[in-house]
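Novice: Got a structure here, written out as structure tokens. Questions coming.
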Amino acid sequence: MRQAGMYSGILSGGGISGRTGPHLLPLARIKKIMKKSSVDVKMISGEAPLVFSKACELFIEELTKRSWNMTIHGKRRTLHKEDVASAVATTDVFDFLIDLVHPNGNDVNEDDHVPEN
Amino acid sequence: MVHNIGSNYPNREEVLNFSTYDATTSASQQDLGVINEQDRLLPIANVGRIMKQILPPNAKISKEAKETMQECVSEFISFVTGEASDHCRKEKRKTVNGDDVCWAMLNLGFDDYAEPLKKYLHKIREIDGERANQNKGASSSSNDDKDHTRNLHQETSSNYRSAGNQVPRKGTSSNLFKFNVIDKRNRF
């Protein structure tokens with residue numbers, strides 16, 4: 001159920017203007033993930049996690065839509081992990097995810113990687 | 001697991017714990033692993049909600065699919081941040097800012113995101129700038145913030161649904177710079 005304020009919260013009142021208040025995704029967590037991505041990442045401006053919160057929303061939407069296409073193709077109504085894997089395999093821009101969704105190189109033709117655990 | 005670092009007099013509790021976890025390293029690593037797992041992923045509820053909202057109402061999402069999506073999003077953040085950070089380093093800057101994130105998106109092939117994000121970023125900065133002006137002593141209302149940011153989301157979100165939002169107040173755009181001083185002196 002969509003809650004009033006979940007979308008608008010990011011925008012109205014103390015949303016963007018105060019950089020506090022409800023966002024779709026937790027900014028502190030985004031910042032943590034950013035910091036862990038590389039030793040080089042030391043300082044992050046306040047706006048960067050905000051931009052990412054929007055970007056992640058777009059990313060999730062795109063990957064979900066593409067995954068759902070796979071679900072429909074399989075004549076199902078439940079989106080499964082395999083659908084996500086297929087969507088990743090068939091979308092160039094999601095190449096960076098291939099190892100993540102196919103750790104054993106099951107479905108992808110050219111995957112020669114040793115699975116990392 | 002604490003190994004009595006810096007303490008000459010280990011308290012009893014620490015000693016007991018130490019002896020209980022004989023395979024100490026693996027136990028502590030496991031503990032750390034659990035904590036890190038939560039830290040490195042975005043909450044499944046939030047991720048699941050975004051997924052659900054873009055799918056048809058009768059669609060179902062398996063828990064595993066949501067977990068996979070969590071992993072993918074974190075990977076996405078790391079991937080883009082790494083690129084943005086590299087970019088900063090080459091330009092001899094220390095702080096990764098919103099422009100760097102947008103630049104990295106474009107560079108990594110997320111063309112479709114770059115434009116909406118740039119707009120978003122622009123508005124964020126605009127609002128911040130206005131807010132700074134407001135804080136400098138203007139007595140104007142914050143209606144503009146709300147209108148700006150609402151428009152911002154509509155422009156940039158592919159699936160923005162405005163139902164449930166509060167009714168936009170009619171703030172005049174010039175309110176920001178009008179100083180509405182209430183003069184209570186007697187007038188003739």
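Novice: Can you list residues from other chains, or at least 5 along the same chain, whose modelled amide H is less than 5 Å from the amide H of B:I61?
Specialist: The list, which skips near neighbours in sequence, is A:L79.
Novice: State which entries of B:K66/B:K94; A:K31/A:K65; B:K94/B:K118; A:K42/B:K60; A:K31/B:K123; B:K92/B:K136 exceed 29 angstrom in Cα-Cα distance in the structure shown.
Specialist: Values: B:K66/B:K94 34 Å; A:K31/A:K65 26 Å; B:K94/B:K118 21 Å; A:K42/B:K60 40 Å; A:K31/B:K123 21 Å; B:K92/B:K136 33 Å.
Beyond 29 Å: B:K66/B:K94; A:K42/B:K60; B:K92/B:K136.
Novice: If the viscosity is 1.567 mPa s and the temperature 4 °C, what Stokes-Einstein diffusion coefficient in µm²/s follows for the stretch B:51-134 when Rh is the Kirkwood radius over Cα pairs?
Specialist: Values: Rh = 15.2 Å.
Translational D for this selection: 85 µm²/s.
Novice: May I pose another question? Per residue, how much space in cubic angstrom lies within the convex hull of the C-alpha atoms of the stretch A:40-107? Intermediate results must be reported in sequence, preceding the final value.
Specialist: Details: hull volume 7.3 nm³, N = 68.
Each residue corresponds to 108 Å³ of Cα convex hull volume.
Novice: Let me ask another. For peptide A:65-75, compute the average count of partner chain beta-carbon atoms within 10 Å of each residue's beta-carbon.
Specialist: Values: counts 5, 0, 7, 6, 0, 0, 6, 2, 0, 0, 0.
Across A:65-75, the average partner-chain Cβ count within 10 Å equals 2.
Rule-based calculations on the coordinates, nothing more; no lab input. Everything quoted here is computed from the prediction, not taken from an experiment. Neighbour counts run over all protein chains shown; Cβ positions are idealised from the backbone, glycine included.
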